[in-house]
Amino acid sequence: MKAKHWFVFILLGAIWSSSFMWIKIAVREVGPITLVAFRALFGLLFCIVVILIQRVSLPRTFKDWLPLLVVGLTNIAIPFFLISWGELHIDSAVASILDATVPLFTILIAHFLLQDDKITLPKILGLVIGFAGIVVLMSKDVGASSNSLLGQAAVILASIFYAVTAIYIRKTTEDTPGIVRSAGPLLSATVTMWLGTLIFESPVQIPQLGITWVALLFMGVLGSGLAFVMAFYLIHAIGPTRTTMVTYLFPLGGVILGVTFLHEQLTWQVLAGAILIISSLVIANWEPKKQKLSAEQQVALDT
């Protein structure tokens, strides 16, 4: 990973890790379907503005639109709802920890479906260490209450959707402009979730608190619009396995913000888990430098 990849990677992790706090704030006033509907709508509006400014050409055939519309369901509508619903029953810190399991699913799927994203020893070591960090973080909170079981399962299921979709994106949207890769999925997610809101959460709950609108705007414009542009860029630049490892930053940001602003409990597991998770990122992205051959050695090989 080059310096520019690391910059986008860390910024993406910061934006998405804070989303768990904003979700927890928003679900206090609106239902999970309504939350995702507003989030997708604001993200879509952001993308439309960028498309108009940059005068980006849109796909012309249904064949080109189809993968984008599918991604809107599997990478936005369904997992966003699952996480938002899950946070009705579990802390935002716990949700951020569970969502960090995405690379564990991605690395296995990518090995069988992609030619250039195979399992390597550094990836395995990084994933094992990262998973150990996740276990340390979740050892105190996860499973503490039987009422949280379904909430935990919902977030894990969302992680599986993210992993599968990351592979699908790599295989189907390589030639699609970055902003269109964001706008297309957000379009189908917006339509789907607003229909769901009208059916399951009618009458529509219009937020009354300013902090709820801040949460929805942050999750929509930054957490969906801008973040998806960065995520799709990384998927094609460094591969889906490494890109989904951004979820290993979720526990750091999610727990710290949960403790600071939502008064969730800070424990020793946070510090130990943070060290393990950061170490896992370094190890999984390490590649041994290839030794350069001398001119004489190269001639000998050529002959």
(message) As a quick test, which of the pairs LYS123/LYS171; LYS2/LYS123; LYS4/LYS24; LYS2/LYS24; LYS63/LYS118; LYS2/LYS118 have an alpha carbon distance above 23 angstrom in this structure?
(response) LYS4/LYS24; LYS2/LYS24; LYS63/LYS118
(request) Could you check how much of the accessible area of the chain is carbon and sulfur, as a whole percent, using a 1.4 Å probe? (result) 70
(request) Run the dipole for the chain about the Cα centre, Lys and Arg Cβ at +1, Asp and Glu Cβ at -1, nothing else charged, and hand back the magnitude in debye, nearest 20. (result) 480
(message) Considering only C-alpha atoms, what is the centroid distance from region 220-281 to region 58-72, in Å?
(response) 29
(request) Taking only protein heavy atoms into account and a 1.4 Å probe, give the accessible area per residue of region 56-185 in Å². (result) 44
(message) Below 8 Å between Cα atoms, with a sequence gap of 6+, how large is the relative contact order for the chain in percent?
(response) 39
(request) Give me the accessible area of ASP64, 1.4 Å probe, in Å² rounded to the nearest 10. (result) 80
(message) Per DSSP helix of 4 or more residues, -39500 (n - 2.57); summed, then divided by the residues of the chain. What does that give at 222 nm, rounded to the nearest 500?
(response) -22500 deg cm²/dmol
(request) Hydropathy first: keep DSSP H helices in the chain averaging at least -1.0 on Kyte-Doolittle, then drop any whose Cα extent along the axis falls short of 30 Å, and list what survives. (result) 3-26, 32-54, 149-172, 178-200
(message) Could you sort the peptides 199-211, 39-51, 255-267, 71-83 by per-residue average Cβ neighbour count (10 Å cutoff), highest mean leading?
(response) 71-83, 39-51, 255-267, 199-211
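The values are calculated or read from the model by the stated rules, or taken from the named source; none is laboratory data. Quantities reported herein were computed from a predicted structural model and do not represent experimental measurements. Because the Cβ atoms are built from the backbone with ideal geometry, glycine has one as well, and the counts that use them run over all protein chains shown. Note: areas computed on protein heavy atoms with side chains; ligands, DNA, RNA excluded. Shrake-Rupley method; radii C 1.70, N 1.55, O 1.52, S 1.80 Å.
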